[in-house]
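Visitor: Sharing a structure here in C-alpha cells format.
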Amino acid sequence: MRRKLRVAAYALCVRGGQLLLARSPADDGTPEWVLPGGGTEHGEDPYDTVVREVAEETGYRVEVTALLGVDSSRRLLPRRFGRAVDHHGVRLLYEVRVTGGELRHEIGGSTDMAAWHPLDEVPALARVPLVDTGLRLWRERPAPGRAGGGAGRPRTEPGGDRPPYPER
C-alpha cells in the first residue's frame, strides 16, 4: 500500500454574521460547500497558500489574522489497478479578513461558485465536515489549536457532527 501526506491551508472568513464558502463537486458530483483553500505547492508556505487559494476561489484579497488550528485526517483511498493509498491530510485553518477585491466565481478550478452564507443557515447546507471543524475552532479558540480527534491520532474521514453555529 502506498502512503501519501498532503498539507493544505483553509480560510475562515466571517463578516457581518456571514461565512464565506466556495462550492465544489463531491466525489459523486453533487455540489457541496467547502472552506476556501487547498493544497500547498512544493516549497510554498501554508500562510501563502491560504492567501493564494482565497484569491483564486473567491476573487478576494485577504489578510491572515490568526492561525485557528490544525486538523488531521486519515483515510484509505481506492486506486485504479487495485492499489490503495493510505492518505493522511494535515489541514491548517486560518482566520482571514477581506482587504480588497470583488466576489467572483473561479473558472476552470476546483470550485465553481463562491458565496456568503448566514452563520445560522450553515447547518442546513450540504457541506464537507471541515466547515464544521473550522467553525468550531473559530468559535472555541482551543489553546492547543486542535478540534476533535483522539489524543495524538488523526481522525478518520468522514466525520464530525453538524451543530448550529451562532456568531461569536
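The values are calculated or read from the model by the stated rules, or taken from the named source; none is laboratory data. It should be emphasised that the depicted structure is a prediction, and the values quoted were computed from it without experimental measurement. Here Cβ is always computed from backbone atoms with ideal geometry, including for glycine, and neighbour counts include all displayed protein chains. Accessible surface is based on the protein model in full, side chains and every heavy atom, while ligands, DNA and RNA are left aside. Shrake-Rupley method; radii C 1.70, N 1.55, O 1.52, S 1.80 Å.
Visitor: Whole number in Å², please: accessible area per residue of the chain, 1.4 Å probe, ligands, DNA and RNA not counted.
Guide: That works out to 55 Å² per residue.
Visitor: Once you have the Cα-Cα distance between residue 55 and residue 74, take 0.36 nm times their residue separation minus that, and quote the gain in nm to one decimal.
Guide: Length gained between residue 55 and residue 74: 4.1 nm.
Visitor: Taking 25 Å as R0, compute the FRET efficiency from the Cβ-Cβ separation of residue 125 and residue 67 and round it to 0.05.
Guide: Once the sixth-power term is evaluated, E becomes 0.50.
Visitor: Out of residues 5 or more away from residue 127 or on other chains, whose amide H comes under 5 Å of its own, with H placed 1.01 Å from N in the peptide plane?
Guide: 33
Visitor: Ok, one more. Less than 12 Å Cβ to Cβ from residue 46, Lys/Arg counted +1 and Asp/Glu -1: what total charge do the surrounding residues give?
Guide: Cβ neighbours under 12 Å give a net charge of -2.
Visitor: To continue, here is another question. Specify the angular offset, from 0 to 90 degrees and rounded to the nearest 10, of the alpha carbon long axis of helix 129-140 from the longest principal axis of the alpha carbons in the chain.
Guide: Helix 129-140 and the main axis of the chain meet at about 50 degrees.
Visitor: Could you rank the peptides 84-90, 15-21 by their average count of other C-beta atoms within 10 Å per residue, with the highest value first?
Guide: 15-21, 84-90
Visitor: Report the residues of region 69-91 in range of a label on residue 7: point 7 Å along Cα→C-beta, backbone N strictly under 20 Å from it.
Guide: Correct set: 69-75, 86-91.
Visitor: How far is helix 46-58 tilted off the main Cα axis of the chain, in degrees rounded to 10, range 0 to 90?
Guide: 70
Visitor: Follow-up question, since we're still on this one. On a full-extension model of 0.36 nm per residue, what is the gain between residue 116 and residue 28, subtracting their alpha-carbon distance, rounded to one decimal in nm?
Guide: 29.2 nm is the gain from fully extending residue 116 to residue 28.
Visitor: Quick one: pull the percent of accessible area on the chain belonging to carbon and sulfur, 1.4 Å probe, ligands and nucleic acids left out.
Guide: Ligands and nucleic acids excluded, carbon and sulfur reach 51 percent.
Visitor: Could you pull out every residue, at least 5 positions away or on a different chain, whose amide H is within less than 5 Å of the one on residue 147? Hs are placed 1.01 Å off N in the peptide plane, and Pro or chain starts have none.
Guide: Distant-sequence amide H within range of residue 147: 70.
Visitor: Rounded to the nearest 5, what % of DSSP beta bridges with both residues in the chain are antiparallel?
Guide: Percent antiparallel among DSSP bridges in the chain is about 65.
Visitor: What list of ³J(HN,Hα) couplings, whole Hz, do you get for region 17-33 from phi and the Karplus terms 6.51, -1.76, 1.60, once you set θ to phi - 60° and write x for glycine and proline?
Guide: Result, rounded to whole Hz: x, 10, 10, 7, 10, 10, 10, 9, x, 6, 3, 8, x, 6, x, 9, 8.
Visitor: Given H placed 1.01 Å from N in the peptide plane, which residues other than close sequence neighbours of residue 101 have an amide H under 5 Å from its amide H?
Guide: 61
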